[in-house]
Every structure is written in C-alpha cells, then in structure tokens.
Amino acid sequence: MATSSLLFPIITLLILIFFSGIRIVRPTQRGLVERLGRYDKFAKPGFHWIIPFIEKMVLVNITERMIDAEPQEIITNDNLNASVDAVVYFKVMEEEESVKCSQYSVNNYESQVINLARTTLRNIIGTLTLKSANSERGKINSEFHRTLSDETKSWGIVIVRTELKQIDPPKDVQETMNKVVKAENEKIAAIDYATAAETVADGVKRGKIKEAEGIKQSKILNAEGEAEAIRLVNEAANKYFVGNAQLLRKLETVEVSLKSNAKIVIPTGTELVNVIGEMAGVVPLK
C-alpha cells in the first residue's frame, strides 16, 4: 500500500516533466537548444523534447519582417532641417549558422537594425542638399541598402530591401517650393497655350495661302482658257473669214454691176458661181 502511494506521485511527476519538455517548432521558426547555458543543437520545424530545467530552446522567427526607422530631423548640406523616414525589410536566414549569429553575434538585432538605419540615413543625407536628396532618392536608397547589408553580414540576417518613406523640408521651405512649382506649371501652361495659338494661326495662315493659291490658279486657268478661245477664234477668222470677206466683196461688186446693167464675166468653176447659183437656186453646171 505504501509502495503504490509513492508510485503515483512519481508517475505524475514524470508525466509533468515529460510534457513540460515538449517543444513544437513551426515552419516559420528555427530553434536553438542550449544545455546548461551552452549551445547544444539546432531544432528544425517539428516535434522536439528538451530536458526541463537543464535545457532551454530559443525560437527564432525566419520570416521577412519590416521595421520603421522612425522619422528624424537631419540637417542637409545646405543647412536645412529635413524630416526623413524609412523602412527596412529583413529576415534571419534559416541556416543553422545564421540563426546562431542572430542570437549570439548581436544583442537584439531588431533594435540594432533600427539604430543602424537611422545613423546611415544621417550620414548619407547629411552630405546632400535638400534638392539633390529629393531628386536622387533612388541613389540614396541604393547606398542605404548596400551599407545596411555590409554592416549586418555577421548578424545572420539579410536586408531584403529598403524604402525611403519621406524627405520633407521645413514648412516655410515647402511653401516656397510649392510656389516655385506652381509658377513653373503656370509658365509651362502659358507656353503650351501660346504654342497652340501659334499652331492655330499658322493653320489659318496656311489655309488662306492655299485659298489664295487656288484663286490664283483658277484665274490663271480662266485666262489661259480665254486666251485659247481667242486664239482659236483668230485662227478661225484667219482661216475662214478672210476668204469669205473676199467673196463678199466680189458679191458686192457683182450686185453693183447688176444694178447698173453692166456685164460681168465670171470664170466657170469659181466659188462665186457656186454662191450665186445657191442664192438663185440653180445648180451650177459641171
């Protein structure tokens, strides 16, 4: 009876010890098992059991994470205070050595990444003017990413990407810049309007020139037509009227002679005989 009463607590204690030593590592995690304060083994996703009070498992998240470098005032090279903010995307690499470095080579790597990002931004933007900082965001971002990657190589993490969220000048400078941008936009709009008006005027001018050329060409064609008509009339007159005029003259002479009962000898076969015959209704003899 005494043995059974002692056995039950022992079994219960063993069961509690067993369940307290169960560790489940998720696919998004990796584990580091420490025994009496020293690194012992690497735990991949799945079921694991550690010795309670003797061993301890440190779980490390290996998914990509984003941290905000937090807005800060940075004095640019032209002595203006710019409000700068950025975000950093990073992840702990899943290999055993990288996971170990993230825990044993740096104290709280998330906090360290934030501080390093803020310091790096101050060093980069402090050498630039406010205008160049805003116009060279891509260059700043590339240098920002490269510097963070180089500095965190021994931490077992990889900087996936960095993004500048804002580079804002002081309020009074921002207002001045807005006025300059507005003036530039108005200038561009005025130039565009003038160009459009010039294009329309040029189109009207070309239309009038084309119309004038059309009228000119029409008059030239009309004049050429009239000249051609006159030429044809002259040719017809020269060809037909001269001979008919001579014939008419001969008829007038015959008429005058007949009125005075004078005798006129007309050679046979002449055109005058044919004319007189046609007038009298007599067919000339051949």
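The values are calculated or read from the model by the stated rules, or taken from the named source; none is laboratory data. Not measured: the values here are computed from a predicted model. In this analysis, Cβ positions are derived from the backbone assuming ideal geometry, glycine residues included, and neighbour counts consider all displayed protein chains.
Go over the candidates Glu228, Glu211, Glu198 one by one and state the one that is modelled with pLDDT of 65 or more, more than 55 Å from the chain's Cα centre (by Cα) and of a type in the set (Asp, Glu).
Unique residue meeting the criteria: Glu228.
From the list Arg30, Arg23, exactly one residue is among the basic types (Lys, Arg), touching a residue at least 24 places away in the same chain (Cβ under 8 Å) and touching a His at 6+ places or on another chain (Cβ under 7 Å). Which is it?
Selected residue: Arg23, the only one of Arg30, Arg23 that is among the basic types (Lys, Arg), touching a residue at least 24 places away in the same chain (Cβ under 8 Å) and touching a His at 6+ places or on another chain (Cβ under 7 Å).
Checking the structure you have, find out if any residue of the stretch 12-26 is of a type in the set (Gly, Ala, Ser), under 45 Å from the mean Cα position of the chain (by Cα) and either loosely packed, with under 14 Cβ neighbours inside 10 Å or not in a helix (DSSP H, G or I) (or both). Quick ask: steps written out before the conclusion?
The initial filter retains those residues of the stretch 12-26 that are of a type in the set (Gly, Ala, Ser), namely 20-21.
In the following step, the residues that additionally are under 45 Å from the mean Cα position of the chain (by Cα) were identified as none.
No, there is no match, as no residue in the stretch 12-26 is of a type in the set (Gly, Ala, Ser), under 45 Å from the mean Cα position of the chain (by Cα) and either loosely packed, with under 14 Cβ neighbours inside 10 Å or not in a helix (DSSP H, G or I) (or both).
Could you look through the stretch 151-171, keep only residues that are among the polar types (S, T, N, Q) and modelled with pLDDT of 90 or more, and pick out the one that is surrounded by the most Cβ atoms within 10 Å (Cβ to Cβ)? Even if it seems obvious, please write down each step before you answer.
Filtering the stretch 151-171 down to residues among the polar types (S, T, N, Q) leaves 152, 154, 162, 166.
Checking the rest, the ones that are also modelled with pLDDT of 90 or more come to 152, 154, 162.
On the way: Thr152: 22, Ser154: 9, Thr162: 24.
Within the stretch 151-171, the match that is surrounded by the most Cβ atoms within 10 Å (Cβ to Cβ) is Thr162.
So the check is Cβ under 7 Å with 6+ separation or different chains; which pairs have a first residue in the stretch 133-149 that's farther than 16 Å from Thr76 by Cβ and a second one that's in a helix (DSSP H, G or I)?
Sorted first by the residue in the stretch 133-149, then by its partner, the pairs are Thr147/Thr120; Leu148/Leu116; Leu148/Ala117; Leu148/Thr120.
Which one of these does Asp78 not meet: (1) in contact with a strand residue (DSSP E or B) (Cβ under 8 Å, 6 or more places away or on another chain); (2) part of a loop (DSSP other than H, G, I, E, B); (3) within 30 Å of Asn115 (Cα to Cα)?
Single failed check for Asp78: (1).
Yes or no: the stretch 30-41 includes at least one residue that is of a type in the set (Gly, Ala, Ser) and more than 20 Å from Thr147 (Cα to Cα).
The first filter runs over the stretch 30-41 and keeps only residues of a type in the set (Gly, Ala, Ser), leaving 31, 37.
With more than 20 Å from Thr147 (Cα to Cα) added as a condition, the list becomes 31, 37.
Yes, that holds for at least one residue.
Could you list, in sequence order, the residues of the stretch 125-150 that are under 15 Å from Ala86 (Cβ atoms) and either over 30 Å from the mean Cα position of the chain (by Cα) or surrounded by 19 or more Cβ atoms within 10 Å (Cβ to Cβ) (or both)?
Ile125, Gly126, Leu128, Ala133, Ile140, Phe144, Thr147, Leu148, Ser149, listed by residue number.
Within the stretch 96-138, how many residues are touching a helix residue (DSSP H, G or I) at 6+ places or on another chain (Cβ under 6 Å) and part of a loop (DSSP other than H, G, I, E, B)?
Of the residues in that region, 2 qualify.
Does the stretch 84-121 hold any residues that are under 16 Å from Gln72 (Cα atoms), of a type outside the set (Val, Ile, Thr) and surrounded by 15 or more Cβ atoms within 10 Å (Cβ to Cβ), and which are they?
Once the filter is applied, which keeps residues that are under 16 Å from Gln72 (Cα atoms), of a type outside the set (Val, Ile, Thr) and surrounded by 15 or more Cβ atoms within 10 Å (Cβ to Cβ), the stretch 84-121 yields Asp85, Ala86, Leu116, Ala117, Arg118, Leu121.
Against the definition (surrounded by 16 or more Cβ atoms within 10 Å (Cβ to Cβ), of a type in the set (D, E, K, R) and assigned by TED's automatic domain parsing to the domain that holds Arg161), how does Lys56 come out, yes or no?
no
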